[in-house]
Amino acid sequence: MKEFTIVYDKITNEIATDILIESALNPIERIKAKAIWDTGSVATMITPNMAKRLNLECVSYTTINSITDLNIPTKIYMVYLYLPNNLKIDTFVNEAKPIDCDILIGMDIISRGRFFIDNKNGKTKFAFKLRT
């Protein structure tokens with residue numbers, strides 16, 4: 001299936017999911033990672049530590065902006081992300097230092113589908129459906 005739904009047992013202010021990630025250039029090992037979904041981020045980010053664990057090869061360079069700094073030089077990698085329900089996405093990720101996660105899923109992925117959040121009866125429901 002190209003969709004998944006997660007129901008949190010309370011109202012949450014952070015949409016976090018466990019995912020698997022592997023190198024797209026050398027797909028040997030999938031590593032479990034904590035991902036935070038961020039509609040305020042243009043691009044998907046990976047921590048330097050996770051890039052090192054996956055032995056990722058840099059395919060290009062770019063600059064990114066954060067809320068505190070502009071034009072930060074960064075590396076770009078090609079990866080496969082396996083979202084909940086084993087939904088596979090091939091994508092480029094920028095190396096950065098997101099707080100409290102291994103991967104920050106940005107609008108480059110979120111805009112590929114339908115992103116749904118509902119807070120009802122003291123619980124948060126999050127769903128994502130990839131467009132076909």
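A compact table of results
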item	result
Residue match in the stretch 29-50 (condition: free of Cβ contacts under 8 Å to residues at least 24 places away in the same chain, farther than 30 Å from ASN119 by Cβ and touching a strand residue (DSSP E or B) at 6+ places or on another chain (Cβ under 8 Å))	yes
Scan of the stretch 1-28 for residues that are touching a strand residue (DSSP E or B) at 6+ places or on another chain (Cβ under 6 Å), β-branched (Val, Ile, Thr) and either part of a loop (DSSP other than H, G, I, E, B) or more than 15 Å from THR91 (Cβ to Cβ) (or both), ordered by number	THR5, ILE6, VAL7, ILE11, THR12, ILE15, THR17
Positions within the stretch 83-114 being out of contact with any helix residue (DSSP H, G or I) (no Cβ under 9 Å at 6 or more places or on another chain), closer than 11 Å to ALA43 by Cα and not hydroxyl-bearing (Ser, Thr, Tyr), in sequence order	ASN94, LEU104, ILE105, GLY106, MET107, ASP108, ILE109, ILE110
Neighbours by Cβ (under 7 Å, 6+ apart or cross-chain): first from the stretch 106-132, exposed (fewer than 11 other Cβ atoms within 10 Å of the Cβ); second of a type in the set (Val, Ile, Thr) and not in a strand (DSSP E or B)	GLY122/ILE11
Positions within the stretch 1-41 being within 15 Å of ASN86 (Cα to Cα), surrounded by 12 or more Cβ atoms within 10 Å (Cβ to Cβ) and either within 14 Å of the chain's Cα centre (by Cα) or hydrophobic (A, V, I, L, M, F, W, C) (or both), in sequence order	PHE4, ILE6, THR17, ASP18, ILE19, LEU20, ILE21, GLU22, ILE31, ALA33, LYS34, ALA35
Hits in the stretch 51-65 (condition: in a loop (DSSP other than H, G, I, E, B) and either free of Cβ contacts under 8 Å to residues at least 24 places away in the same chain or farther than 16 Å from ILE31 by Cβ (or both))	CYS58, VAL59, ASN65
Qualifying position, being small (Gly, Ala, Ser), at pLDDT below 95 and within 21 Å of THR12 (Cα to Cα), among GLY40, GLY106	GLY40
Any chance MET78 is surrounded by fewer than 18 Cβ atoms within 10 Å (Cβ to Cβ), more than 17 Å from PHE4 (Cα to Cα) and either among the polar types (S, T, N, Q) or under 12 Å from the mean Cα position of the chain (by Cα) (or both)	no
Top-ranked residue of the stretch 66-94 - restricted to ones that are touching a strand residue (DSSP E or B) at 6+ places or on another chain (Cβ under 7 Å) and assigned to a loop (DSSP other than H, G, I, E, B), ranked as nearest to THR132 (Cα to Cα)	SER66
Lone qualifier among PRO84, PRO73 - being over 18 Å from GLU3 (Cβ atoms) and surrounded by fewer than 18 Cβ atoms within 10 Å (Cβ to Cβ)	PRO73
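The values are calculated or read from the model by the stated rules, or taken from the named source; none is laboratory data. If you're wondering where the values come from, they're calculated on a predicted model, not measured in any experiment. Glycine also receives a Cβ, built like all others from the backbone with ideal geometry; neighbour counts cover every protein chain displayed.
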